[in-house]
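These notes concern the structure reproduced below.
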Amino acid sequence: MDQHVTIEIFGHPFTFKADQDISKAKEVAAYLEEEVGKVERQLSAESVSISKRAILILAALNIANEYYDLKQNQAVLLEMMAQKTTGLLDSLDTVAS
């Protein structure tokens with residue numbers, strides 16, 4: 001069942017449909033709001049004047065970078081697990097022989 005989630009960014013509400021888990025959608029929305037706030041605070045502390053669109057783009061780039069790092073780390077972990085599994089299976093085959 002589709003449910004709606006509303007977030008507020010720069011004083012403007014944005015409503016979107018959550019196809020499945022509403023609590024997960026709210027967590028994702030809260031994470032986005034948090035990342036936008038971080039960028040805005042950082043630029044404000046540095047006295048940098050930048051458009052709201054640029055703040056959103058920088059927040060999106062931060063999130064994309066974090067996702068990319070996690071994806072790479074997952075690939076490394078999966079490769080390590082595959083190697084260890086192969087080693088364990090080889091050891092078991094040797095003992096069983």
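The portion of the accessible surface of the chain made up by carbon and sulfur, rounded to a whole percent, is 58 (1.4 Å probe; DNA, RNA and ligands excluded).
The mean sequence distance of close C-alpha pairs (under 8 Å, at least 6 residues apart), as a share of the length of the chain, puts its relative contact order at 17 percent. Counting only DSSP H runs of at least 4 residues, each contributing -39500 (n - 2.57), and dividing by the residue count of the chain, the helix-based mean residue ellipticity at 222 nm comes to -26000 deg cm²/dmol. Simple rule: put +1 on each Lys or Arg Cβ and -1 on each Asp or Glu Cβ in the chain, find the dipole, and look at L89, A30, I50; the Cα lying farthest toward the positive end is I50.
Relative to the longest principal axis of the Cα atoms of the chain, the long axis of helix 52-96 makes an angle of roughly 10 degrees.
Once the 1.4 Å probe is applied to the protein heavy atoms, region 10-87 comes out at 79 Å² accessible per residue. About its Cα centre, region 5-97 has a charge dipole of approximately 300 debye under the convention of +1 per Lys or Arg Cβ and -1 per Asp or Glu Cβ, with nothing else charged. The label point for M81 and the one for Y68, both projected 7 Å from the Cα toward the Cβ, are 2.4 nm apart.
Pull out the extension gain between Q3 and K38, defined as 0.36 nm times the separation in residues minus the alpha carbon to alpha carbon distance; nm, one decimal.
Result for the pair: 9.8 nm of gain on full extension.
Under 15 Å of direct C-alpha separation, and excluding same-chain neighbours fewer than eight residues apart, K52 reaches these aspartates and glutamates: E8, E33, E34, E35, E40. Length available on full extension from S47 to K26: 0.36 nm per residue minus the Cα-Cα distance, which gives 4.4 nm. The C-alpha atoms of the chain define a longest principal axis, and helix 22-45 lies at about 60 degrees to it.
The values are calculated or read from the model by the stated rules, or taken from the named source; none is laboratory data. Since the structure is predicted, the reported quantities are computational estimates derived from the model, not experimental observations. Because the Cβ atoms are built from the backbone with ideal geometry, glycine has one as well, and the counts that use them run over all protein chains shown. Note: areas computed on protein heavy atoms with side chains; ligands, DNA, RNA excluded. Shrake-Rupley method; radii C 1.70, N 1.55, O 1.52, S 1.80 Å.
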